[in-house]
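Novice: Take this structure first; my questions come after.
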Amino acid sequence: MLTPIDYPISLDFDAENGTFEPCPQVTPRHLSDLKEMFSDQSTVAQILRENDPLIYEIRYYPFTTTKSDMALAVTRIFPGTIGNEFYMTKGHKHQREDQPEVYYCVRGEGFLPLDTLEGEFRAIPWRAGVITHIPPMWAHRVVNTGNDLLVFIGVFHLSAGHDYDIVARKGFAYRVLSRNGKPELIKQD
Ligand code: F6R
Ligand code: ZN
């Protein structure tokens, strides 16, 4: 646990690559880690028989003090599709009901789908330079619809907690699918 005496902490951020130093934790997410989130399960199974592509990775820095638990996460989503669905993050809702988050798109283009999982949905068109506040109780994920890396920063409290199961069970109201190479929002049944 870091104590205030270690502060202030500054990181060297490479916005082009979406990496920073020092970086105490990198979490890779391969297809097998989020396979249930994609709609085309036969393509998922077919790909997984051959390999397990890296969909995105997350670099964390916990700016923890004895009185606070703010954290930084920088996510790099690679370009690609599973069937006709763009690479995306797994998506989650914060467990605590009072925990928002700020997302900042540093490079790339895509969508930020937000869903209460209780009937309200928004899809924020995303490109470098857009900062979005994610209110508490909204599930969130990011979809990379470009041909290049999408990098975004998230700032949140570690005590927010992450509920992935609810997203796996209920699903977002819309998916971002590729139609003739262009992204389209398709309503789910
Ligand atoms: C933290 C947060 C992000 C995501 C990251 C990966 O609350 O929203 O740091 O954790 O972008 O996405 P998931 O967690 O959905 O795999
Ligand atoms: Zn979050």
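The values are calculated or read from the model by the stated rules, or taken from the named source; none is laboratory data. Just so we're clear, the structure is a prediction, and the values are computed from it rather than from any experiment. Counting neighbours? That spans all protein chains shown, and the Cβs are built from the backbone with ideal geometry, glycine included. We work out accessible area using only protein heavy atoms, side chains counted, and drop any ligands, DNA or RNA first. Shrake-Rupley method; radii C 1.70, N 1.55, O 1.52, S 1.80 Å.
Novice: If you go through the stretch 36-74 one residue at a time, how many are of a type in the set (K, R) and away from ligand 1 (no atom under 13 Å from the Cβ)?
Specialist: Residues meeting the conditions: 2.
Novice: Another question about this same structure. Can you tell me which residue within the stretch 1-43, out of those that are acidic (D, E) and open to solvent by 70 Å² or more (accessible area, probe 1.4 Å), is farthest from V155 (Cα to Cα)?
Specialist: Of everything passing the filter in the stretch 1-43, E36 is farthest from V155 (Cα to Cα).
Novice: Could you figure out which of (1) under 20 Å from G80 (Cα atoms); (2) in contact (Cβ under 8 Å) with a residue 60 or more places away in the chain isn't true of A160?
Specialist: If we test A160 against (1) under 20 Å from G80 (Cα atoms); (2) in contact (Cβ under 8 Å) with a residue 60 or more places away in the chain, just (1) comes out false.
Each row is one residue, and each column tells you yes or no for (1) in a helix (DSSP H, G or I); (2) in contact (Cβ under 8 Å) with a residue 60 or more places away in the chain; (3) in contact with a Pro (Cβ under 7 Å, 6 or more places away or on another chain); (4) farther than 14 Å from G154 by Cα.
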| position | (1), (2), (3), (4) |
| --- | --- |
| A45 | yes, no, no, yes |
| R49 | yes, no, no, yes |
| R59 | no, no, no, no |
| T75 | no, yes, no, no |
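Novice: Also, quick follow-up: Taking only the stretch 55-108 into account, find how many residues are under 15 Å from M37 (Cβ atoms), open to solvent by 30 Å² or more (accessible area, probe 1.4 Å) and not β-branched (V, I, T).
Specialist: 3
Novice: What residue, of R127, R122, is more than 12 Å from ligand 1 (Cβ to nearest atom), open to solvent by 50 Å² or more (accessible area, probe 1.4 Å), without any contact (Cβ under 8 Å) to a residue 60 or more places away in the chain and in contact with a Leu (Cβ under 6 Å, 6 or more places away or on another chain)?
Specialist: Checking each option against the conditions leaves just R122.
Novice: Can you report the number of residues in the stretch 154-172 which are open to solvent by less than 30 Å² (accessible area, probe 1.4 Å) and within 12 Å of ligand 2 (Cβ to nearest atom)?
Specialist: Matching residues across the stretch 154-172 total 5.
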